[in-house]
1. Return the residue satisfying two criteria in turn: it lies in the stretch 52-66 and is in contact (Cβ under 8 Å) with a residue 40 or more places away in the chain and either surrounded by fewer than 17 Cβ atoms within 10 Å (Cβ to Cβ) or hydroxyl-bearing (Ser, Thr, Tyr) (or both), and of such residues it is nearest to Ile25 (Cα to Cα).
2. Tell me yes or no: at least one residue of the stretch 15-25 is outside any helix (DSSP H, G or I) and either touching a His at 6+ places or on another chain (Cβ under 9 Å) or more than 28 Å from Glu101 (Cα to Cα) (or both).
3. Would you confirm, using the coordinates I've provided, whether Ala105 is under 19 Å from Ser11 (Cα atoms) and among the aliphatic types (A, V, I, L, M)?
4. Taking the stretch 64-115 as the search range and keeping residues that are in a loop (DSSP other than H, G, I, E, B) and hydroxyl-bearing (Ser, Thr, Tyr), which one is farthest from Arg54 (Cα to Cα)?
5. For Phe74, only one of the following conditions fails: (1) modelled with pLDDT of 90 or more; (2) on the phi > 0 side of the Ramachandran plot; (3) not hydroxyl-bearing (Ser, Thr, Tyr). What is its number?
6. Identify, from the list Leu24, Leu53, Leu48, the residue that is hydrophobic (A, V, I, L, M, F, W, C) and more than 18 Å from Arg4 (Cα to Cα).
7. Quick check on the stretch 5-12. Is at least one of its residues in a loop (DSSP other than H, G, I, E, B) and out of contact with any Ser or Thr (no Cβ under 6 Å at 6 or more places or on another chain)?
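The values are calculated or read from the model by the stated rules, or taken from the named source; none is laboratory data. None of the values given here were measured: they were computed from a predicted structure. Here the Cβ positions follow ideal geometry from the backbone for every residue, glycine too, while neighbour counts run over all protein chains shown.
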Amino acid sequence: MQRRLCAAILSLEAIALGLSTPVLISVAGVSTATALWIGLGLTVACILVAAVLRFAWAYGLGWAIQVVAIALGFQITAMFFLGAIFLALWATAYFLGRKIEVERAEWERTGEYPGLPREDADEQSR
C-alpha cells in the first residue's frame, strides 16, 4: 500500500513540476535551457522514482524530491506553498501506507481481521 500511495503522489507531483517549466521561463525569467533542465528534469525524476519504489532506497530519493520541490520556491514563490503541500501528501502516503502494511501483516499473522465476527463471541451470545 505504501508503494502505491507514494507512487500516486509522485505521479501527481510530476505533472505539477512539469507545468512549472513555462512558469520558470515566462514569470521567473530563467533561461529556456535551464528551465527545461529543472522542470522536465524533476518531472522525469518523479516518474523514475515512482517506478523504482520497490526498493527501499527509492523512498529516500522521494524525500529528496520533496526538498527540491520546496527549494524551487526560490525561483517561483508559489512553489514554497505547492512544495509544502506535496511534502505533506508524501509524508502522509509514506507513514500511513507503512502503518496499513504493518496492520495487514498482523491480521494475516493472527487471522483476526477487523469487522469479522469472532467465533468465541458467537458462542458467548448463545
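1. Tyr59
2. no
3. Spelling it out, it is not the case that Ala105 is under 19 Å from Ser11 (Cα atoms) and among the aliphatic types (A, V, I, L, M).
4. Of all residues in the stretch 64-115, those in a loop (DSSP other than H, G, I, E, B) come to 75-77, 111-115.
Restricting the remaining residues to those that are hydroxyl-bearing (Ser, Thr, Tyr) gives 77, 113.
Values: Thr77: 33, Tyr113: 26 Å.
Ranking the qualifying residues of the stretch 64-115, first place goes to Thr77.
5. (2) is the only condition that Phe74 fails.
6. Step by step, each of Leu24, Leu53, Leu48 is checked, and only Leu24 is hydrophobic (A, V, I, L, M, F, W, C) and more than 18 Å from Arg4 (Cα to Cα).
7. No, the stretch 5-12 contains no residue that is in a loop (DSSP other than H, G, I, E, B) and out of contact with any Ser or Thr (no Cβ under 6 Å at 6 or more places or on another chain).
For (1) at pLDDT below 95; (2) surrounded by 14 or more Cβ atoms within 10 Å (Cβ to Cβ), each residue gets a yes or a no:
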residue: Ala7; (1), (2): no, yes
residue: Leu24; (1), (2): yes, yes
residue: Val27; (1), (2): yes, no
residue: Thr32; (1), (2): yes, no
residue: Ile38; (1), (2): yes, yes
residue: Thr43; (1), (2): no, yes
residue: Ile47; (1), (2): no, yes
residue: Val68; (1), (2): no, yes
